[in-house]
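Written below as C-alpha cells is the structure these notes are about.
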Amino acid sequence: MEIDPFIFRLSIFILAIFVGYYVVWSVTPSLHTPLMSVTNAISSVIIVGAIVAALAGDNSKIFDNANIFGFLAIVLAAINIFGGFLVTHRMLAMYKKKKKDK
Amino acid sequence: MSANLLAVFYLISGVLFILALRGLSSPETSRQGNFFGIIGMAIAVGVTIISIGNFSAGFIYLLIFLIVGGSIGAFIAFKIPMTAMPELVAGFHSLVGLAAVFVAISAFLNPEVFNLGFPGKIKIASLIEMSLGAAIGAITFTGSIIAFLKLRGLMSGSPITFVGQHFLNLALGITIVGLIFYLCNTQQEYLFWSLIAISFLVGVLLIIPIGGADMPVVISMLNSYSGWAAAGIGFTLENTALIITGALVGSSGAILSYIMCKGMNRSFFNVILGGWGATEESLKSSSTEQKPVKSGNADDAAFLMKNASSVIIVPGYGMAVAQAQHALREMVDSLKKNGVKVSYAIHPVAGRMPGHMNVLLAEANVPYDEVFELEDINNDFANCDVAYVIGANDVTNPVAKSDPQSPIYGMPILDVEKSKSVLFVKRSLSPGYAGIDNDLFYRENTLMLFADAKKMTEDITKSL
C-alpha cells in the first residue's frame, strides 16, 4: 500500500494548525498588533510560488501571460515582506521597560 | 539542488516562522523573533532562486521586481504613523490576497511549470487546491480593500445593509462551490475567471455590512483568510514552507478574531452578519432625556489628579484619532513628579485592531510594564482615586453589567465607576459606537471634560 504524498502534506498542515494555535495563545496581548504585521510578512512567503511562476519555462517568452502574473505577484509579495518585517521591527523597537532609576 | 534538499530548506524556514511567532510571547524576545522570521524568508527565497538555476535575462527582471517591491514596502514601513497601523495591516492583507490570486492564475495557465499536468488536463486535486487558494485570496483582496477604505475614512464606517443581503451572499457562496465542481469536470478557462470574479464580489459584500468599531474582528478575520489562501496555494505547489505558514497565519487570525469577539461578548456570526450599529442608534436617540451632568475644566482635573495617590488611565480609539498619546505621557510624567502612581488599563477591543492602544503607548515611550490588560487591572479601580478616560466610551459603560436589554449587555467592561472619581475626556455627550447612552456621564463621581482629547491633556499638564 502506498500513501499519497497529499496525506503527508495534509498531516503537516493539520499539525501546523495546532502549533499555531498554542504558539499564538502564548503571545502577550500587548503584542497583538506586531503579531498581525509579522504574520502578514511571513504569509508573503507565497513569493516562492511567484518566483517559480515568473522564471520557469521558456526564457524567450519571459513576459508571457502566465509569467507576467508571476512577476506581478513578486512585486506585491516583496512590498509585503519588506514592509511587514520593517514595520514590525519599528514597532517592537518602541516597547521598552521601565527605567530602573524611576 | 535536489527536490529533497529543497524540501528540507523549506521545512527549516517553516520552523523559523514558528519561532518568529513564539518570540512575541514577551517584548524581550520579540525582536529576536522578528529576526528569525527574516532569516526564514531569506532562506525560502534564496533556495527557490537557486533551485531554478536560471541566471539569464529572467533573473535580472526578478531582481528588478524584487527591488521595486521591496523599496515601496520599506518606504511605507518607515513613513507610516503608528496611528495608521490598522489601515496599513488591512492594506498588506489585500496584497497577500492578490498575490495568491496571481500565483493561482499562473499555475492554472502554465501548470507544467509546477508539475501539475497540462493546460486542460490539470490534476483534479491541484485544481481544487488552486481554486480554493484563488477564491479565498480574491475574497481577502477585496475585503481588505473595503476594510482599508473604512479605516482610512475614505468610506463611511457605518454598516451598509440591504434586503436579501445574506441570501445573496449564500447564493454566491453556493455558486463558488458549483463553479469549482464544474471547473474540475470540464477544465474550462472561463469558469476559473468567473470563480475569481465572483470571489472578488463576495469579498466586498462580506465587509460592507460591518461597522467601524467591529474592525478589530474584521482585520483579524482577513488575517486568517490570507493564511488559508496561502495554505491553499501551498498545497498546489507542494511547498512545505507555504503550508506551515498558511496554517500558522490562519490559526493566528482565527484566535485573534475569537479574542476580539469575546471582548465584545458577541458571537463571530453576529459580527460578520453585521448591521448592528445602525438599528440601535435610531432607537436610542429618541429616548435620550436631559439629565444633569457635572462638567469641569483642566484646572479642576489637574487639582483632582495632583491630590490623588493613584490614577488609572483608560485610553480608547478617541486617543488615536486625536493623536493624544504623547501629550498623555507628558501629563503622566508631571503626575509622577507629584508622587502619583499611574497605570494604564487596556480593554481588548479598544481601538481599531488588536493591540492598537499598546502600540500607541509604546510609541509615546510608555514602559510596557505600566500597561495592563482588563483582567489584570480591573480590581484596582476600587482602590484608585482617579480614572482618566480618554477617548474610550462603550468599554466603560456600566450598563453592560446592569441592563439585560442593552445591546452591550454581558460585554466585559473596565470597572471605571468604582474609582473615587472619574474624569471623562470627550467632545460631547454623544453616544459611542453602540449607539447607547453611557450611564457613567451622569454619575455623582464623574466629571466631564468637554474638549479635544489632546488639547485637554496638554492643558492639564500646564496646570499641574
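The values are calculated or read from the model by the stated rules, or taken from the named source; none is laboratory data. As the structure is a prediction and not an experimental result, all values here were calculated from the model. Cβ placement follows ideal geometry from the backbone for every residue including glycine, while neighbour counts extend to all protein chains displayed. The protein model used for the area step is the full one, side chains on, heavy atoms only, and it has no ligands, DNA or RNA in it. Shrake-Rupley method; radii C 1.70, N 1.55, O 1.52, S 1.80 Å.
Tabulated data
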{"item": "Per residue convex hull volume, Cα atoms of segment B:48-121, in Å³", "result": "107 Å³"}
{"item": "Nearest 10 degrees, 0 to 90: helix B:215-237 Cα axis against chain B principal axis", "result": "20 degrees"}
{"item": "Hydrodynamic radius (Kirkwood) for segment B:365-464, which is based on Cα pairs only, to one decimal in Å", "result": "14.5 Å"}
{"item": "Per-selection metrics, the protein assembly as shown (Cα): Rg and Dmax in Å", "result": "25.3, 82"}
{"item": "Protein accessible area in chain B, 1.4 Å probe - carbon and sulfur %", "result": "63 percent"}
{"item": "Vicinal HN-Hα couplings computed from phi for segment B:245-256 (Karplus, 6.51 cos²θ - 1.76 cosθ + 1.60; Hz; Gly/Pro x)", "result": "4, x, 5, 4, 5, x, 6, 4, x, 5, 5, 4"}
{"item": "At R0 = 45 Å, FRET efficiency that the Cβ-Cβ distance of B:Arg427 and A:Glu2 yields, to 0.05", "result": "0.05"}
{"item": "Computed accessible area, B:Asp376, all protein chains, 1.4 angstrom probe, square angstrom", "result": "100 Å²"}
{"item": "Kirkwood hydrodynamic radius of segment B:327-395, from inverse mean 1/r over distinct Cα pairs, in Å", "result": "12.9 Å"}
{"item": "Calculated on alpha-carbon atoms, Rg and Dmax of segment B:302-445 in Å", "result": "14.2, 45"}
{"item": "Label point at B:Ser295 placed 7 Å out along Cα→Cβ; residues across segment B:448-464 whose backbone nitrogen lies under 12 Å", "result": "B:448-452"}
{"item": "Cα-based Rg of chain B normalised by 2.2 N^0.38 Å, two decimals", "result": "1.12"}
{"item": "Rounded to 10°, Cα long-axis angle of helix B:453-463 versus longest principal axis of chain B", "result": "40 degrees"}
{"item": "Probe 1.4 Å - accessible area at B:Lys420, Å² to nearest ten", "result": "130 Å²"}
{"item": "Nearest-10 value in Å² for the accessible area of B:Phe118, using the 1.4 Å probe", "result": "120 Å²"}
{"item": "Principal axes of segment B:1-57: Cα extent on each, largest first, Å", "result": "44, 25, 9"}
{"item": "Order of exposure, largest accessible area first, which applies to B:Trp228, B:Trp193 with probe 1.4 Å", "result": "B:Trp193, B:Trp228"}
{"item": "Helix-only CD estimate at 222 nm, as mean residue ellipticity for chain B, using -39500 (n - 2.57) per DSSP H run (n ≥ 4)", "result": "-20000 deg cm²/dmol"}
{"item": "Heavy-atom accessible surface that A and B bury in contact, both chains counted, 1.4 Å, Å² to 100", "result": "8300 Å²"}
{"item": "Residues in segment B:15-29 that, when all protein chains are in place, have 10 Å² or more less accessible area than the chain alone would give (probe 1.4 Å)", "result": "B:Phe17, B:Ile18, B:Ala20, B:Leu21, B:Arg22, B:Leu24, B:Ser25, B:Pro27, B:Glu28"}
{"item": "Calculated diffusion of segment B:178-257, Stokes-Einstein form, Kirkwood radius summed over Cα pairs, 10 °C and 1.306 mPa s, µm²/s", "result": "112 µm²/s"}
{"item": "Cubic angstrom per residue, convex hull over Cα atoms of segment B:32-176", "result": "168 Å³"}
{"item": "Volume of the Cα convex hull of segment B:109-216, divided per residue and given in Å³", "result": "111 Å³"}
{"item": "Accessible area (Å², per residue) of chain B, counting only protein heavy atoms and a probe of 1.4 Å", "result": "39 Å²"}
{"item": "Calculated FRET efficiency for the pair B:Ser402/B:Glu444, C-beta based, R₀ 22 Å, to 0.05", "result": "0.85"}
{"item": "Segment B:38-80 - Debye-derived log10 I(q)/I(0), Cα point model, q = 0.14, 0.23, 0.32 Å⁻¹", "result": "-0.42, -0.88, -1.05"}
